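The values are calculated or read from the model by the stated rules, or taken from the named source; none is laboratory data. This one's a predicted model, so the numbers in the text were calculated from it and none came from an experiment. Positions of Cβ are generated from backbone atoms using ideal geometry, with glycine treated the same way; all protein chains shown enter the neighbour counts.
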């Protein structure tokens, strides 16, 4: 099958994770991974990003498929159940807003910049070598540390489920995938209501 340009977006995902090792401010680029999927689902009402443009899913597919780092077992029912996916989405939002709160505290001067990355929302990893000072507020760097923590944690979770189950098992409970699915359902429901009113 002929390869298309978007089949190589796994390189973008890998490059992003590597850049964060050397300069934490590159973590801000990860906002694209958040905004683009939401925009696609809001505008077109599809999960086109998840199905075609997600570099993380491609990376897991490559590592688990071509390189054989996956057991390729079916994902358990509880992992793909609504209660788990929605529960994980809520938990993800709580952790995300906690990160934003910590960023606000640094911006406000209440809290000092913490040059660490939190893995799995629990383990503080020293990451001071990736911060070289900036002309901007320390809050800019604090957001970068927090956001990179989110991205690194989700990557590790994806790797674990990739190894235990099928390569792209992360896609089953990915918070972005769950959010875009909810947006698409709401958009199609609204379109159906509008169409029904016109008829």
If we ask which residues in segment 44-61 are modelled with pLDDT of 95 or more, out of contact with any helix residue (DSSP H, G or I) (no Cβ under 6 Å at 6 or more places or on another chain) and either in a helix (DSSP H, G or I) or more than 27 Å from residue 163 (Cβ to Cβ) (or both), their number turns out to be 1
Residues being touching a helix residue (DSSP H, G or I) at 6+ places or on another chain (Cβ under 7 Å) and part of a loop (DSSP other than H, G, I, E, B): count how many of those fall in segment 114-146. 8
Just one of the numbered conditions (1) modelled with pLDDT under 95; (2) buried (at least 18 other Cβ atoms within 10 Å of the Cβ); (3) under 21 Å from residue 144 (Cα atoms) is not true of residue 34; which one? (2)
Log entry, pairs with first residue in segment 77-89 being in contact (Cβ under 8 Å) with a residue 24 or more places away in the chain and at negative phi, second being surrounded by fewer than 14 Cβ atoms within 10 Å (Cβ to Cβ) and in a helix (DSSP H, G or I), beta carbons closer than 8 Å, six or more apart or on different chains, reads 84/78
Please state which one of 45, 61, 65, 57 is surrounded by fewer than 17 Cβ atoms within 10 Å (Cβ to Cβ) and more than 29 Å from residue 129 (Cβ to Cβ). 65
Which ones in segment 2-20 are more than 21 Å from residue 47 (Cβ to Cβ) and either in contact with a strand residue (DSSP E or B) (Cβ under 8 Å, 6 or more places away or on another chain) or modelled with pLDDT under 95 (or both)? 2, 3
Yes or no: segment 88-105 includes at least one residue that is over 24 Å from residue 28 (Cβ atoms), part of a loop (DSSP other than H, G, I, E, B) and out of contact with any helix residue (DSSP H, G or I) (no Cβ under 7 Å at 6 or more places or on another chain). no
Considering segment 115-149 alone, what residues qualify as being touching a strand residue (DSSP E or B) at 6+ places or on another chain (Cβ under 9 Å) and crowded, with 19+ Cβ neighbours inside 10 Å? 117, 118, 127, 130, 145, 146, 148, 149
On the given criteria, is residue 157 touching a strand residue (DSSP E or B) at 6+ places or on another chain (Cβ under 9 Å) and within 28 Å of residue 171 (Cβ to Cβ)? no
What pairs come up if the first residue lies in segment 174-199 and is under 30 Å from residue 156 (Cα atoms), the second is modelled with pLDDT of 95 or more and not in a helix (DSSP H, G or I), and their beta carbons are under 9 Å apart, counting only those six or more places apart or on different chains? 174/54; 176/54; 177/54
